[in-house]
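Asks: I have a structure here, written as structure tokens, and I will follow up with some questions on it.
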Amino acid sequence: MKYENIDKLVTEALAIEARDAKEAGALGYMARAMVQATLPHSKVEGGVFKRHNGAFQLTILADPEIGLPYGSTPRLLLAWLTTEAVKTKSRELVLGHTLSEFMHQLDLIPTGGRWGTITRLRDQMKKLFGAAVSCTYDDGEHWAIKNIQPVSQANLWWNPKSPQQATLFESTLTLGEEFFKEIANHPVPIDMDALKALKRSPMAIDIYCWSTYRVSYLKKPVVIPWAALQIQFGANYDRVRDFKKYFLNQLRKVSVVYPELKFGLDDNGLLLSPSKSHIPLLTK
């Protein structure tokens, strides 16, 4: 990893450590299903994508003409809408009058052009809001399925050419009922500042969300095989050793913003030990 990247992460990590996430207003949430199995890291052709985590399988379905959501942007969007739903206890979410204001909440600087952040955000919003999710559990004896529509309706009134211009109507979206129930009943607490610090790497975001959730209920050290981690986080790698190298590189980034995470290397996989969860799980 380049020195300037490490230096930037350390600086941001120190800023995060300087205050409690809740007091700083940085307490956020991520949908549990999206932590157990993740979105694509890069562009995937077609309209079907699958991720496995043991007996759990996440299948994302999309209109091939629109495409599947991928990268860091839909992850930031999912964290934002999950956090808003938990805070407001409502399926109806208000995105605001201006595009620049909403992008600021995602820690994105509005830039135009074909490769600008505005174009990428709008493209990923269409992909994410138009996708459907199927969660399947199959352990050989028991089988269950749950079909979820994350967003049932969205109205985006912003003018992408004038991100600071206020619109007559506020942009809004309505979460699907089943998705809202899932995140309302089982939200995974995260630090939004940590998520934003890792936004250049979708895998680092996934590892951060997964690790703080995983250690929250870990009672003793556990070895997670590299092959299992590859299926969950990086099925697009042909060789396990290539995935392992990249995974560890991203895990080091995570450990900068989440220094309490205790992990090591075993001959067969990643050794994860009981650690202080970055943000304690909610208790009802």
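The values are calculated or read from the model by the stated rules, or taken from the named source; none is laboratory data. Everything quoted here is computed from the prediction, not taken from an experiment. Heads up, the Cβs are rebuilt from the backbone with ideal geometry, glycines too, and the neighbour counts pull from every protein chain shown. These accessible areas exclude ligands, DNA and RNA; they are computed on the full protein's heavy atoms, side chains included. Shrake-Rupley method; radii C 1.70, N 1.55, O 1.52, S 1.80 Å.
Asks: Regarding Ile183, is this residue closer than 15 Å to Leu77 by Cα, open to solvent by less than 60 Å² (accessible area, probe 1.4 Å) and touching a Lys or Arg at 6+ places or on another chain (Cβ under 7 Å)?
Replies: no
Asks: Which of the residues that make up region 140-161 are in contact (Cβ under 8 Å) with a residue 40 or more places away in the chain, over 30 Å from Gln57 (Cα atoms) and open to solvent by less than 90 Å² (accessible area, probe 1.4 Å)?
Replies: Across region 140-161, the qualifying residues are Leu156, Trp158, Asn159, Pro160.
Asks: While we're looking at this one, here's another question. Residue under question is Leu261, and the condition is that it be in contact with a helix residue (DSSP H, G or I) (Cβ under 6 Å, 6 or more places away or on another chain), part of a loop (DSSP other than H, G, I, E, B) and touching a residue at least 40 places away in the same chain (Cβ under 8 Å); does it hold?
Replies: It is true that Leu261 is in contact with a helix residue (DSSP H, G or I) (Cβ under 6 Å, 6 or more places away or on another chain), part of a loop (DSSP other than H, G, I, E, B) and touching a residue at least 40 places away in the same chain (Cβ under 8 Å).
Asks: Got a sec? Which strands (runs of 3 or more DSSP E) wholly within region 1-107 have at least 1 residues that are at pLDDT below 95, over 27 Å from Asp123 (Cβ atoms) and open to solvent by less than 70 Å² (accessible area, probe 1.4 Å)?
Replies: In region 1-107, 27-31, 48-53, 56-61 are the strands (runs of 3 or more DSSP E) which contain 1 or more residues that are at pLDDT below 95, over 27 Å from Asp123 (Cβ atoms) and open to solvent by less than 70 Å² (accessible area, probe 1.4 Å).
Asks: Also, quick follow-up: Return yes or no: is Lys253 part of a helix (DSSP H, G or I), in contact (Cβ under 8 Å) with a residue 60 or more places away in the chain and among the basic types (Lys, Arg)?
Replies: Yes, satisfied.
Asks: Tell me yes or no: at least one residue of region 116-129 is open to solvent by 40 Å² or more (accessible area, probe 1.4 Å), assigned to a strand (DSSP E or B) and more than 29 Å from Tyr213 (Cα to Cα).
Replies: Taking every residue of region 116-129 in turn, none turns out to be open to solvent by 40 Å² or more (accessible area, probe 1.4 Å), assigned to a strand (DSSP E or B) and more than 29 Å from Tyr213 (Cα to Cα).
Asks: Look through Asp242, Asp206, Asp238 and report the one residue that is crowded, with 19+ Cβ neighbours inside 10 Å and among the acidic types (Asp, Glu).
Replies: Every option except Asp206 fails the conditions.
Asks: Residue under question is Leu175, and the condition is that it be farther than 26 Å from Lys245 by Cα, in contact with a strand residue (DSSP E or B) (Cβ under 8 Å, 6 or more places away or on another chain) and crowded, with 17+ Cβ neighbours inside 10 Å; does it hold?
Replies: yes
Asks: Moving on to the next point. Determine which single condition Ser152 fails, assuming it passes every other condition in (1) outside any loop (DSSP other than H, G, I, E, B); (2) modelled with pLDDT under 90; (3) not acidic (Asp, Glu).
Replies: (2)
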